[in-house]
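Note sheet for the following structure.
The values are calculated or read from the model by the stated rules, or taken from the named source; none is laboratory data. Just so it is clear, the model here is predicted, and its values are computed rather than measured. As a convention, Cβ positions derive from the backbone with ideal geometry for all residues, glycine included, and neighbour counts pool all protein chains shown.
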Amino acid sequence: EYILGIETSCDETAASIIKNGKEIVANVVASQIESHKRFGGVVPEIASRHHVEQITVVLEETLEQSGVTMEEIDAIAVTEGPGLVGALLIGVNAAKAISFAHNKPLVGVHHIAGHIYANQLVTDLQFPLLALVVSGGHTELVYMEKHGSFKVIGETRDDAVGEAYDKVARTLNLPYPGGPHIDRLAQEGEANIPLPRAWLEEGSYDFSFSGLKSAVINTLHNASQKGEKIEPANLAASFQESVIEVLVTKTIKATKEYGVNQVVLAGGVAANKGLRAALEESFRELKDVELVIPPLSLCTDNAAMIATAGSVFYQLGKRSPLSLNGNPGLDLEKALV
Ligand code: ATP
Ligand code: MG
Ligand code: FE
């Protein structure tokens, strides 16, 4: 079985071909980071225009790399949401055109389901499992009883963790996207600046990062008013420590409460070295639970993850109509409908 996956939800134009739901045959990602950098974030109109310019080239290169013909492809999987509507539409329309022209089934995929299923390219998923999703737009703990079943047991009430990283980076005058820069700085600094941890109510698996972000900004502001100097590396390390402590503690608690066999990390912030190390350290004691962390290239946006999730959805019988639309507010729990 070969699935062609297409991803255009944000600022990466990507296509991939996956064999039997787990083997990467071809994987092409055209990043637009350079075009958005000078604006300090993704500009939706620019993203859409780049997707239009890139999508055909990316698809041609993917097919060429794979050595697979369109006739051999079993289905077209595409990110239908969430994401920027104008960006999503480019991928969805490309997928619909290919599906129609080659008479292949179309399978819409939820972007976050894709991030989670990136782990299936690393190992076989063992259910029930818990996914810690940490990306530019999402921070969630997702319980999966079986393939295609997603229950959000906790989510952020304000900023996503990636968003907080990018905003903190901006206050420190680091280039966009700031996550990797904060991560690198944090390794060099000492976490000696007191910052809050948002635990929320007892028993809640929800997250909140806007208070922490404001605390970082206030710390810088107060210091500069007093003419004191804050070491950026120490601030980055303190920020990162607060983020990681909350993420890891809630993940461990949910792991025990839900009795899962596997915990998988997903989303762009899964590339964070500090988070990866802290999770590995904490899970060493939980001998019955397997921790899965994807390689960096599968953490940030790509189409291999969309094709892999698409393969599972296709096997479970999901078919999307040619009237499929981009849906910026798509619900993960209804990903299979
Ligand atoms: P979503 O998946 O929620 O729709 P997105 O697709 O924009 O959002 P991703 O591409 O999954 O997000 O992740 C991008 C985010 O990951 C950015 O906020 C970026 O700063 C962050 N990120 C990437 N590498 C690291 C790192 N090493 N440490 C912290 N954050 C990182
Ligand atoms: Mg991106
Ligand atoms: Fe993403």
Only one residue in G108, G136 is within 13 Å of ligand 1 (Cβ to nearest atom) and either touching a residue at least 60 places away in the same chain (Cβ under 8 Å) or at positive phi (or both). Which one? G136
Let me confirm something: among P194, P177, which residue is within 14 Å of ligand 1 (Cβ to nearest atom), touching a residue at least 40 places away in the same chain (Cβ under 8 Å) and farther than 30 Å from L125 by Cα? P177
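Evaluate the following for A335: is it in contact with a strand residue (DSSP E or B) (Cβ under 6 Å, 6 or more places away or on another chain), within 16 Å of ligand 3 (Cβ to nearest atom) and among the small types (G, A, S)? Walk me through how you get there before you give the answer.
Numbers: in contact with a strand residue (DSSP E or B) (Cβ under 6 Å, 6 or more places away or on another chain): yes; within 16 Å of ligand 3 (Cβ to nearest atom): yes; among the small types (G, A, S): yes.
In short, yes.
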Select from the stretch 164-187 the residues that are closer than 17 Å to V134 by Cα and of a type in the set (K, R) and list them in ascending order. K167
Can you tell me which residue in the stretch 173-197 is nearest to ligand 3 (Cβ to nearest atom), limited to those that are surrounded by fewer than 20 Cβ atoms within 10 Å (Cβ to Cβ) and modelled with pLDDT under 95? Y176
Strands (runs of 3 or more DSSP E) within the stretch 82-165 that include 1 or more residues touching a strand residue (DSSP E or B) at 6+ places or on another chain (Cβ under 7 Å) and hydroxyl-bearing (S, T, Y): 139-144
Please determine, by comparing only the residues of the stretch 226-259 that are closer than 20 Å to S135 by Cα and touching a Gly at 6+ places or on another chain (Cβ under 6 Å), which one is surrounded by the most Cβ atoms within 10 Å (Cβ to Cβ). A236
Which residues, counting only those in the stretch 279-301, are crowded, with 19+ Cβ neighbours inside 10 Å, within 15 Å of ligand 1 (Cβ to nearest atom) and either of a type in the set (D, E, K, R) or not in a loop (DSSP other than H, G, I, E, B) (or both)? L279, L298, C299, D301
